[in-house]
Amino acid sequence: MTLTGKRSGSRLLLVILLCCLWHATSAAQSLRGVNLAGAAYSPGVLPGVDGTDYVYPDKGEIAYFTAKGMNVFRISVLWERLQPNLNGDLDPGQLALLEGFIAVAEAHGASVIIDVHNYGIYRGQQIGQGDVTDAAFANLWARLAVRFGQDDHVLFGLMNEPKLTQPSDWAAAVQQAVTAIRATGARNPVLVPGIDWDSAQGFPTDSGSSFGSLADPQHHLVFEVHEYFDADSSGTHDGCVSASAAIARLAPFTQWLRAEHQQGFLGEFGVSRRPECLAVLDHVVLYLHANADVWRGWTYWAAGPLWGDYRFTLEPDNGADRPQMRVLEKHLGEKG
């Protein structure tokens with residue numbers, strides 16, 4: 001073989017190695033975890049008292065779920081507590097609680113999604129109405145980006161299930177927030193939800209067509225959806241549809257992601273402890289992992305110390321794993 005041939009062969013080998021490394025890294029970075037709800041509790045009690053009206057997750061919960069193999073937590077926070085006045089400074093006490101949680105999660109090798117769990121509303125007023133302008137929403141995220149924008153283990157969950165009725169209005173608010181985040185130099189992934197309860201099955205028609213023009217100089221947008229598998233997709237019933245029907249609810253979004261060359265994330269999903277529903281959960285996670293080329297990962301709904309015997313909870317029952325945890329744990333070591 002000539003020297004030129006050796007160089008070409010070396011380059012080809014390098015390309016193959018880089019491709020393999022990229023694939024391994026992508027698989028290793030697949031996000032699999034749980035929603036830790038509690039810090040956004042009691043939105044009608046402002047500012048509220050930590051430990052009484054709301055609560056941040058404790059170290060024990062973080063240790064439990066990471067020991068199971070989970071590597072991401074979606075933590076619900078409340079806009080009004082983080083930023084008591086529109087366009088004002090972030091509250092030092094709330095920021096310290098959030099920073100403390102993130103530090104512990106990262107010490108356990110996990111990433112954190114900051115989930116502004118407000119449904120597109122601030123003090124009773126919807127984004128885009130009155131003083132709650134798109135610019136005010138962007139201001140919140142610019143301030144969070146200044147604090148967390150250089151942390152590679154923090155993802156920005158723009159808004160939980162925004163109640164805006166027009167997808168074009170929501171897309172305009174998203175664009176202002178993304179632009180404000182990137183103006184700070186932040187490179188974090190930004191999770192973009194859709195309207196209409198952020199339904200996976202409805203996303204392509206309800207929201208997808210309005211997101212085509214979204215611009216992100218970092219090219220790091222991830223589209224977040226939610227889906228529940230009871231009869232009306234509300235997540236309020238013990239029963240569930242068949243496994244094939246559950247997959248059919250996710251399929252339209254999977255197709256949209258591939259067609260648009262985008263990445264998706266299942267931010268909320270859950271089932272009850274019924275055996276047939278646990279089987280559905282197993283199939284759903286298998287489906288997500290089989291389509292890991294477009295599904296960035298998932299966070300199960302939910303855990304946290306205030307759930308009691310809630311039908312979907314993953315919070316241990318007097319130290320014992322919940323049935324849903326036993327299903328999920330089977331998949332936590334899989335390559336996606």
From the backbone phi of segment 102-115, what are the Karplus-calculated ³J(HN,Hα) couplings (6.51 cos²θ - 1.76 cosθ + 1.60, θ = phi - 60°) in whole Hz, Gly and Pro given as x? 4, 4, 5, 4, 5, 5, 9, x, 10, 9, 9, 9, 7, 9
First measure r as the distance between the Cβ atoms of T205 and L306, then evaluate 1/(1 + (r/R0)^6) with R0 = 25 Å and state the FRET efficiency to the nearest 0.05. 0.10
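Of all DSSP beta bridges located in the chain, what percent are antiparallel, nearest 5?
Values: 4 of 38 bridges.
Among the beta bridges of the chain, antiparallel pairing accounts for roughly 10 percent.
So what is the 222 nm mean residue ellipticity for the chain from helices alone, if each DSSP H run of at least 4 adds -39500 (n - 2.57) and you divide by all residues, rounding to the nearest 500 deg cm²/dmol?
-12500 deg cm²/dmol
Can you tell me which of 197-208, 125-136 comes out highest on packing, and rank the rest after it, using the mean Cβ neighbours within 10 Å? Don't jump to the answer; show the numbers that get you there.
On the way: 197-208: 20.8, 125-136: 16.6.
Top of the packing list down: 197-208, 125-136.
Based on the alpha-carbon gyration tensor of the chain and its eigenvalue square roots a ≥ b ≥ c, which shape applies: rounded if a/c is under 1.5, prolate if not and a/b is larger than b/c, or oblate?
rounded
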Using a 7 Å offset from Cα along Cα-Cβ at R274, what residues in segment 286-327 end up with backbone N under 17 Å from the label point? 310-313, 323-324
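Which of the peptides 176-188, 294-306 is most tightly packed, and how do the rest follow, judged by the mean count of other Cβ atoms within 10 Å per residue? It would help to have the intermediate numbers written out before the result.
Details: 176-188: 19.5, 294-306: 22.5.
Peptide ranking by packing, descending: 294-306, 176-188.
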Per 10 angstrom bin, beginning at 0 and ending with the bin that holds the maximum distance, the Cα pairs of segment 220-286 fall in percents of 21, 51, 23, 5
Pairs of lysine in the chain with Cα under 30 Å and at least 8 positions apart or on different chains: total? 5
For a quick protection proxy, order the peptides 105-111, 46-52, 157-163 by their average other-Cβ count within 10 Å, most packed first. 157-163, 105-111, 46-52
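So what is the relative contact order of segment 30-329, in percent, for Cα pairs below 8 Å that sit 6 or more residues apart?
In percent, rounded to a whole number, it is 17.
No value in this document is a laboratory result; all are computed from the given coordinates. What you see is a predicted model; the values in this text were computed from it and never measured. Note that each Cβ is placed from the backbone with ideal geometry, even for glycine, and that neighbours are counted across all protein chains shown.
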